[in-house]
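To keep things clear, I will list the structure first and then write my remarks on it.
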Amino acid sequence: MVLRKLGLFLLSIICVLDLHADVDPPQLRCVQVDENTGEVTLQWDAPADPGGEFVSYIVEHSTSPTGPFTTVPIPNYATTSYTHNVDASLAPVYYQLKTVFNAGAGADTSAPYLGTISTIFPQFFQNHDSVVVVTWNPIFSGTFPGLAPTYQIYRRIGGAGVPWEFITDKNIGDESLVDSFKICVENVAYKIEIANTIGGCTNVSSVLEELFEDNTPPEIPPVDSVSVDRTTGNLIIGWRRSPSGDTRGYQIIYRDIIADQNIIIDSTIGKLNTSYVDVLASGNTEVRQYGIAAFDTCEKGFPPASNVSSIEGWHRTMFLQAIPNYCENLTTLNWSSYVGWDTIVRYGIYASLNGGAYSRVGEVSGADSSFIHENIDLTNEYCYFIRAFDDNARTSSSNEVCPDAAGSIIAGVHYVYQATVITDKIVSVKALTDSTIDASYYRLQRSLDEYGPFFEVGRIPNSNTSDIELIDSTARANETDYYYYIDILDSCGFILGESNKAKTVHLSAEFDRQLFINQLDWTVYLGWDTSGSGVQAYEIHRFVDTKNDIQLVTTQDPFNRFYEEPMDEWMVEGVNICYQIKAIEDIGNQYGIQSFSESNVVCLSDNALIYVPNAFHPNGFNPIFKPSIAFGDHRSYKLRIFDRGGRILFESNDPDLGWDGTKDGNDCGLGVYVWDLEVTNLAGDVINERGSVLLYR
């Protein structure tokens, strides 16, 4: 019985003690930061309070983990959350949760739950325009009851209203993230969440947000090579694509070496593009230098512009030239070196014969830039190009060059526009020719027939003039007309071109002693019909004795090449009458000229008579036998007197000295004697007459 009472007493003491125990602090489960306002909401579980000793909750907050703290009392035991009007997006906020209770000895305050707890505050540790490192603090440095083992990381690109995107999770203890993205100009935000399995809630960090702008260009696309298309001369540029994922396309840039400037000639859209053909340029006339730059999808600014990479290196084409030596049967090739590779291993020389397939005819080291193709027949057409090789098996081809085969060079113009008689022994032949052609000399060819044979009668060296004149100083223009042409020859004697043929005008004339008229006829001029409309007209020119008083007698159409002129007036005066024909070219010559050609000169002097007396009387009225010449001056004169036996009795070269009827001072007897007269006029015409004369005594 005593024992039973003792037990009841002890039990009553224990019950009294339980009814007055300390009240624990609230058990914090989650700290949540509102992403729009930055306000912090704390969620907790209420502590046990069987004795009803609860007075209030105490929420202490500070911007520093060591305080000072501001106290906020919450008197309602049933309250399990508190929203702190603060902007936790600016800095972390620190909290302590406590309970105030009265166990009978007055108000007392519990220790804080776990210690000091903070909001999760993410920060950029370092950031680039496409790569960031995000770090954050844990809620509590120690064990937090019910906290999940991993953080959930969310990212938002595009500002408020855009859904959050879960990107990864991280274990507790690893409070950092390396993230990459590709944007143009956008806000990028991060938030961290971690669940509490006891409280059934989620801890949410403040939002970390910043405006990012893409200023990083794509990686540089390296150029492989630049080549010349042999068929078109266009430039072919090849490169390797940029590995950057946001590459949108490539700029093709021409480097103007002379002006020292870069020119964007075109752009190509598409990351996978790796070649371009410049159809507006030619590698057949000069070297061309190119570079490639990549641009991304980000267009910003005004006007919108992408990020553009730099250029890794310029690539310059080879420019090939060929110099044939027709005399030595070889061609020398010279080219500008390829620029753009670190190492050029070799150059291959390729040739095509008469339009056939190309084959390699030689190879030189990468340090050389010339090659001689020997022992070849240059009457054939050879074409060449050079191919460069680097140490990475890349190649580049030069322009194609096809030097003219021997005898195949064609002058742009080579036209004889005049063949004219200067004197009886000199003919001038003039031509328009191509002064740019690589000629050594010009040769004048002459023939009596249009179809030959032709013989060389003159030559002149090439003086790089377009209007040339060659002289035939061996002509006999008073006897015949001639066909001429001019050919072009190089230093080896190969004929580079032949002109058209041209034929001179030859004039013939005679005096009709019965009708006392001069009769003229002449040959046709040929040559203008090759580039014009032929002969327009023939002019007949006449002069007396000298050419100082030359006169135009008449003009005749090109089909009438005969003319007669009465000589009554000139017989009285006794002069030399000379004629010359002038052919006039018709209009319409394709070279814009209107030429002429003059014939030889013909002089007629037997347009008056020689009077010879048929008798004379030495002691009478007519004592001297002497012929009378009616025309003017003469070149030679010879009078001889013969007896019946053929012996010369008298001889004179002076027209003023006649025969007095004597021989060696002795009188000759009455009778008939023979005379012989030979006169050559100024035109070269020979007059030979013979007769008899009666001598009276």
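The values are calculated or read from the model by the stated rules, or taken from the named source; none is laboratory data. Just so it is clear, the model here is predicted, and its values are computed rather than measured. So basically every Cβ, Gly included, is an ideal-geometry build from the backbone, and we count neighbours across all protein chains shown. What goes into the accessible areas is simple: the full protein's heavy atoms, side chains included, and nothing from ligands, DNA or RNA. Shrake-Rupley method; radii C 1.70, N 1.55, O 1.52, S 1.80 Å.
Some observations on this one:
- Boolean, Ala111 is more than 30 Å from Cys298 (Cβ to Cβ) and touching a strand residue (DSSP E or B) at 6+ places or on another chain (Cβ under 6 Å): no
- Residue, surrounded by the fewest Cβ atoms within 10 Å (Cβ to Cβ), within region 21-40, restricted to residues that are of a type in the set (Val, Ile, Thr) and either in a loop (DSSP other than H, G, I, E, B) or in contact with an Asp or Glu (Cβ under 7 Å, 6 or more places away or on another chain) (or both): Thr37
- Per-region count, region 39-48, residues charged (D, E, K, R) and under 13 Å from Gln27 (Cα atoms): 1
- If you go through region 95-138 and keep only what is of a type in the set (Phe, Trp, Tyr), closer than 30 Å to Ser180 by Cβ and assigned to a loop (DSSP other than H, G, I, E, B), you end up with Phe121, Trp136.
- Residue within region 586-593 that is modelled with pLDDT of 90 or more and in a strand (DSSP E or B) present: no
- Strands (runs of 3 or more DSSP E) lying entirely in region 174-242 (those with 2 or more residues that are within 25 Å of Arg288 (Cα to Cα) and either open to solvent by 10 Å² or more (accessible area, probe 1.4 Å) or of a type in the set (Val, Ile, Thr) (or both)): 223-228, 235-239
- Of Ile372, Ile410, Ile376, all but one fail to be within 21 Å of Asn329 (Cα to Cα) and open to solvent by less than 30 Å² (accessible area, probe 1.4 Å); the exception is Ile376.
- Of all residues making up region 359-385, the number that are without any contact (Cβ under 8 Å) to a residue 24 or more places away in the chain and not in a loop (DSSP other than H, G, I, E, B): 7
- Residue in region 344-353 that is open to solvent by 50 Å² or more (accessible area, probe 1.4 Å), assigned to a loop (DSSP other than H, G, I, E, B) and in contact (Cβ under 8 Å) with a residue 12 or more places away in the chain present: no
- Test: residue in region 251-273 that is open to solvent by less than 70 Å² (accessible area, probe 1.4 Å), in a loop (DSSP other than H, G, I, E, B) and touching a Pro at 6+ places or on another chain (Cβ under 8 Å): no
- Qualifying residue in region 315-329 (condition: aromatic (Phe, Trp, Tyr) and open to solvent by less than 50 Å² (accessible area, probe 1.4 Å)): yes
- Condition check for Val59: modelled with pLDDT of 95 or more, touching a Ser or Thr at 6+ places or on another chain (Cβ under 9 Å) and of a type in the set (A, V, I, L, M): yes
- Val339 vs. criteria in contact (Cβ under 8 Å) with a residue 40 or more places away in the chain, β-branched (Val, Ile, Thr) and open to solvent by 60 Å² or more (accessible area, probe 1.4 Å): no
- Of everything in region 125-145 that is surrounded by 14 or more Cβ atoms within 10 Å (Cβ to Cβ) and farther than 20 Å from Pro65 by Cβ, the residue that is farthest from the chain's Cα centre (by Cα) is Pro145.
- Test result for Gly356, of a type outside the set (Asp, Glu) and not in a loop (DSSP other than H, G, I, E, B): no
Residue-by-condition table, conditions (1) in contact with a His (Cβ under 9 Å, 6 or more places away or on another chain); (2) buried (at least 18 other Cβ atoms within 10 Å of the Cβ); (3) not polar (S, T, N, Q):
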| site | (1), (2), (3) |
| --- | --- |
| Val505 | no, yes, yes |
| Gly527 | no, yes, yes |
| Ser533 | no, no, no |
| Tyr538 | no, yes, yes |
| Leu552 | yes, no, yes |
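- Members of region 289-309 found to be touching a residue at least 24 places away in the same chain (Cβ under 8 Å) and open to solvent by 70 Å² or more (accessible area, probe 1.4 Å), listed by number: Thr297, Glu299
- Any chance Ser447 is under 27 Å from Tyr579 (Cβ atoms) and either over 35 Å from the mean Cα position of the chain (by Cα) or touching a residue at least 12 places away in the same chain (Cβ under 8 Å) (or both): yes
- Filter result for Phe389 (in contact with a Lys or Arg (Cβ under 9 Å, 6 or more places away or on another chain), assigned to a strand (DSSP E or B) and modelled with pLDDT of 95 or more): yes
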